[in-house]
Structures are given as structure tokens and as C-alpha cells.
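Student: Can you keep this structure in mind? I'll have questions shortly.
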Amino acid sequence: MDDFKSWGMLSAEELRDYVEQNGVSRVAEYVTSKLDAWKNVVIQFAVCGVSGAGKSTFINRIRGLEDIDTGAAEVDVTECTKEPKCYDHPSNPKIKFWDLPGITNPFYKGDLEEYCKNVPLDEYDTYLIFAKDRLTADDLKLAERIRSTGKKFFFIRARIDQDVENAKRSRKHLFDEDATLNKIRKSISQNLIERGLLNDEKEIFLISNHFPTKYQFDELTQAILAILPQRQRESLILTIDNALILSKNTLKEKVKVLKERIKFVATASAFAATVPIPGVSISADIAMIQSEINFYISQLGLSQEGSNRFSLLVSNTQTQIKALSAVLGSTMQISGLLAAYATESVVKEFSRYIPIIGTAIGSSLSFGATYYLLTKWLGEMEEIALKALEETLENVRSH
Ligand SMILES: Nc1nc2c(ncn2[C@@H]2O[C@H](COP(=O)(O)OP(=O)(O)OP(=O)(O)O)[C@@H](O)[C@H]2O)c(=O)[nH]1
Ligand SMILES: [Mg+2]
């Protein structure tokens, strides 16, 4: 049930205890610190597998980098990564991608025991096992070892664009892309399922690091999100802010996480209560509300007027974004909206979210109005952002 008791990041009891011990004066500060908690969760991904499978290239792509960019993982046609190297996500250094040496690197020659002396293979949270071409004994050995740790792994075949090209060349007019992809997937899954290393074909991803908008790159991003515990998941979703890999699914996931935050922002604002709203007996922290709205705008990739992406949108969408900025960009407008929303019916609608029973009526009104405002406008932004994304993708496809 989505009520106050089930606030993933903070429980009603926790908040009540806090108020009992500290009084209400510092609630806003406390709740705000919880809102930023997603920035402090560390997630360690091991990117492992045989040499030359596309591990380092994948890390660059998920970080939104070209291979030649400064700070990108080294990528080469010959074996390349020699030692585990950690890469931070560009907008959240708590997200770590560990680029591991290939287990078939000449130094280890597929000797897993030797490999584990130099690489702390068991110590990561989640594993992305990259295979190359047909499955080999080395891939299976690695999967068995990781399976024995009981942690989650995905099996990935990158360089799929090459397979498709090769099949096109040899099958000529008989070429069928879906059949080619299914054949590759089946051959991997049969091998893994037979050995009890995989439960479901869905845990195999066929991707191309050179064409991340094709094949299953996005599905892989989604699958990584889905298996992480709630807070880690929120953490990763909110740090995907890269136009290259922003997809409809990611956008919807982001909206879900942003919705979860509304209760916190409404609580913090009601308790901080710095700005009295004219015409009604409530106060709210307008600066906090505005900063949350700006957070939505950046998270949902709603391009600002004057930017290149904005100029690519159709004029109707541009007008909608401009209208949105006009309403939400000014303190006056926001306090006007809050005054209009501060009604008993709004409080009633959201009363099940109000954290502290017996709260002064002013705080409840402020909470309800802020909750309503953020929910309503986040919904509007989602609609426009989905449209804008569709138009941007359309533009990329047609060029
Ligand atoms: N066509 C194609 N080439 C790829 C893809 N991913 C990587 N490559 C190329 O494959 C080669 C090896 O890529 P890396 O990312 O260095 O491979 P790695 O798994 O990190 O290799 P090691 O560090 O040696 O273990 C490079 O030439 C890449 O450009 C892909 O999806 N498609
Ligand atoms: Mg590498």
C-alpha cells in the first residue's frame, strides 16, 4: 500500500521518534538529508569475461563517453585491460564500474585460480559476464565461479552488429535479422541452462556498443536497475541523465522514483515553512519546491529554450515547454498555485500521506498543497518529456 508507512527511505515510526526526541524544528533538515540519501549508496559492478569481448567499450558507452574521450576506459583490438580499474559514473561517483582484465589475457591464460589471486572476483555486487563469439570453456568456468557466490549475473554478448553484418554477407537475400539473433541467443542459452547456470533466456543480452540504440542495450540497462535493492535502484535511475541512453523506459522509471520523493519534499517544505503564502494561512519553502521542480526538469531531459535539442522539437512541443517554464519558473506563480491548491479537499485527498498525526492544520494544508502541486506538474512534465524524447529519437533515426 502506498501510504506513509511504506515510504521506502524513511518510516513513519522513524520520523515520529525523531520528532519526539528533537522536536519539529529540525524535521525539514532531517527529511532533506534523507532525500539526498540516494547519492550515498555505493554500487559495484564487475564487468568481466574473456579478452576482447567489448567490456571496456561497454563501460565507456554506459558512461556516455566515446572511446577516445579523456577518462574513457582503454579499448583496443589487442588485449588491453591488464588490471582491475574502477570507473565512476559521470554524475554519481558512488556508482562504480570495475573494468576487469579478460580471463583469457595471456597473463592468466584462462587459469581462474591464478586470475583470482590478482582480481578480487568475489567482491562485487553484480556481474556482467561478457562473452565473445561462440561460448567457450572459459566463459562457463567464469559463470560457474560467479554462480557459486550466489550473486546476480547477466550474460552479455556484445559486438552483435558484426554478427548481423556477417550473416547479411553470407545469407544474402535469405538474411533475416530476427532469425540470426534468435539463433545466437538459443545457442548461448542452451549451453548455460543445461549446466544450471541460467534460469531464463531473459538473462542473456545481445548488444552492440557501437549502436546502443539498437538491439538490447536499453533492456540491459533496465535489467540492471530491476535487480538492485530499492535504494540502489533509485540511485542508478536518477543518475542516468545522458541523452544518448535516455529511453522511454528509463524516463518512466525516473518518474516513479521522482514520485516517491514527493512525500519527502512536501513534508520538508511544510515543516521548514519559511514563506507565508499570501491569502491563505499556510507557509511553504518555495525555494525547496522550486529546486525539486528544476530537478525534475533536468532528470527528464526537458531541454531548455536556446539549446540544440530544444531547436529540434516540433513547435507545439516547444510551446508546451515554454508554457511550463513560465508557470514553474517564478516564485510568485508557485505561491499562487499553492494558495489555489490549499483546500480542504486536497488535504483530504492526501491525508493518508500526512506523516505526523495531529499536525497543525496549517502544516497539513501546506503538505497537501505541495503534494498536489508536485504530483500534478510532474505528470504534465512526464507527458511532454515523453513527446520530446520521441521527437529527438525520430530526429536521430532520420539523420
Ligand atoms: N563491432 C563492434 N565492435 C566492438 C563492440 N564492442 C567492442 N568492440 C571492439 O572490440 C575490440 C575490443 O574491445 P574492448 O572493449 O577493448 O574489449 P575488452 O573486453 O575490454 O578486452 P580486454 O580488455 O582485452 O579484456 C575493440 O576494437 C572494440 O572497438 C561492439 O559492440 N561492436
Ligand atoms: Mg578491456
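The values are calculated or read from the model by the stated rules, or taken from the named source; none is laboratory data. In this text the structure is predicted, and so the values were computed from the model without any measurement. For neighbour counting, all protein chains shown are included, and Cβ atoms are generated from backbone atoms with ideal geometry for every residue, glycine included.
Student: Sort out which residues of the stretch 114-127 are out of contact with any strand residue (DSSP E or B) (no Cβ under 6 Å at 6 or more places or on another chain) and not in a helix (DSSP H, G or I), and write them in order of number.
Tutor: Within the stretch 114-127, Val119, Pro120 meet the criteria.
Student: In the stretch 49-84, which residues are in contact with a strand residue (DSSP E or B) (Cβ under 7 Å, 6 or more places away or on another chain), modelled with pLDDT of 90 or more and within 10 Å of ligand 2 (Cβ to nearest atom)?
Tutor: Gly49, Ala53, Gly54, Lys55, Ser56, Phe58, Ile59, Ala73
Student: Next question. For a quick check of your reading of the model, give me the residue pairs whose first member lies in the stretch 129-140 and is more than 15 Å from Lys55 (Cβ to Cβ), whose second is within 16 Å of ligand 2 (Cβ to nearest atom) and not basic (Lys, Arg), with beta-carbon atoms closer than 7 Å and at least 6 apart or on different chains.
Tutor: Thr136/Val50
Student: Only one of (1) in a loop (DSSP other than H, G, I, E, B); (2) within 12 Å of ligand 1 (Cβ to nearest atom); (3) not hydroxyl-bearing (Ser, Thr, Tyr) fails for Phe130. Which number is that?
Tutor: Answer for Phe130: the failing condition is (1).
Student: Does the stretch 46-65 hold any residues that are surrounded by fewer than 24 Cβ atoms within 10 Å (Cβ to Cβ) and more than 16 Å from Arg159 (Cα to Cα), and which are they?
Tutor: Result: Arg63, Gly64, Leu65.
Student: Out of all the residues in the stretch 86-141, which are over 25 Å from Gln222 (Cα atoms), aromatic (Phe, Trp, Tyr) and either crowded, with 18+ Cβ neighbours inside 10 Å or at pLDDT 90 or above (or both)?
Tutor: Selection gives Tyr108, Tyr115.
Student: Of all residues in the stretch 76-85, which are among the β-branched types (Val, Ile, Thr) and surrounded by fewer than 18 Cβ atoms within 10 Å (Cβ to Cβ)?
Tutor: Result: Val77, Thr78.
Student: If you don't mind, there's one more thing I want to ask. Right, Glu305: among the acidic types (Asp, Glu) and surrounded by 12 or more Cβ atoms within 10 Å (Cβ to Cβ) or not?
Tutor: No; evaluated as a whole, the condition is false for this residue.
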